[in-house]
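**Q** Can you read through this structure? Questions will come right after.
The values are calculated or read from the model by the stated rules, or taken from the named source; none is laboratory data. Quick caveat, the model's predicted, so the values are computed rather than measured. In this analysis, Cβ positions are derived from the backbone assuming ideal geometry, glycine residues included, and neighbour counts consider all displayed protein chains.
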Amino acid sequence: MKNIKLNKDERNILKRLESGKLKAVKGAKKERERYEEYAKYTLSKPRNINIRISQKTFRKIKAIATEKGLPYQTFISSLIHQYSAKE
């Protein structure tokens with residue numbers, strides 16, 4: 001981390017982490033794995049697709065993605081991946 005410039009908040013977090021003042025939250029490992037999976041598929045070379053869905057469905061998907069803190073396109077991609085991984 002020598003060449004990374006941290007802002008004030010990031011330096012504070014790092015200081016607290018190094019001093020042992022931060023505690024792991026319940027389910028953190030599972031959440032980390034989930035976001036690593038999102039990152040893996042977000043960073044891989046994607047293929048573009050076009051789909052048509054109703055406005056009502058689109059609004060629902062965007063709302064769910066917002067609740068999860070994800071861009072809706074990433075959320076849709078993760079849904080497709082989860083479904084296809086079951087096969």
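**Q** Go through the range 64-87 and count every residue that is surrounded by 11 or more Cβ atoms within 10 Å (Cβ to Cβ) and either in a helix (DSSP H, G or I) or at positive phi (or both).
**A** 14
**Q** If Val25 satisfies all but one of (1) loosely packed, with under 10 Cβ neighbours inside 10 Å; (2) within 15 Å of the chain's Cα centre (by Cα), what's the number of the condition it fails?
**A** (2)
**Q** Would you confirm whether or not the range 57-68 contains a residue that is modelled with pLDDT under 90 and aromatic (Phe, Trp, Tyr)?
**A** no
**Q** Could you check how many residues of the range 50-71 are farther than 28 Å from Arg32 by Cα and not charged (D, E, K, R)?
**A** Taking the range 50-71 and keeping what is farther than 28 Å from Arg32 by Cα, we get 50-57.
Imposing the further condition that a residue be not charged (D, E, K, R) reduces the set to 50-51, 53-55, 57.
Adding up the residues that qualify gives 6.
**Q** Within the range 73-87, restricting attention to residues that are of a type outside the set (Val, Ile, Thr) and over 20 Å from Glu31 (Cβ atoms), which residue is modelled with the highest pLDDT?
**A** Gln73
**Q** Identify, by number, the condition in (1) modelled with pLDDT of 85 or more; (2) outside any helix (DSSP H, G or I); (3) closer than 20 Å to Ala85 by Cα that Lys45 doesn't meet.
**A** The number of the failed condition is (1).
**Q** Any residue that is touching a residue at least 24 places away in the same chain (Cβ under 8 Å), under 19 Å from Ile80 (Cβ atoms) and outside any loop (DSSP other than H, G, I, E, B) - is there at least one of those in the range 49-58? Before the answer, list the steps.
**A** Within the range 49-58, the subset touching a residue at least 24 places away in the same chain (Cβ under 8 Å) is none.
No: zero hits.
**Q** With the checklist (1) in contact (Cβ under 8 Å) with a residue 40 or more places away in the chain; (2) surrounded by fewer than 10 Cβ atoms within 10 Å (Cβ to Cβ) in hand, flag the one item Tyr41 doesn't pass.
**A** (2)
**Q** Considering Arg11, Arg47, Arg52, which residue is surrounded by 11 or more Cβ atoms within 10 Å (Cβ to Cβ) and out of contact with any helix residue (DSSP H, G or I) (no Cβ under 7 Å at 6 or more places or on another chain)?
**A** Checking each option against the conditions leaves just Arg11.
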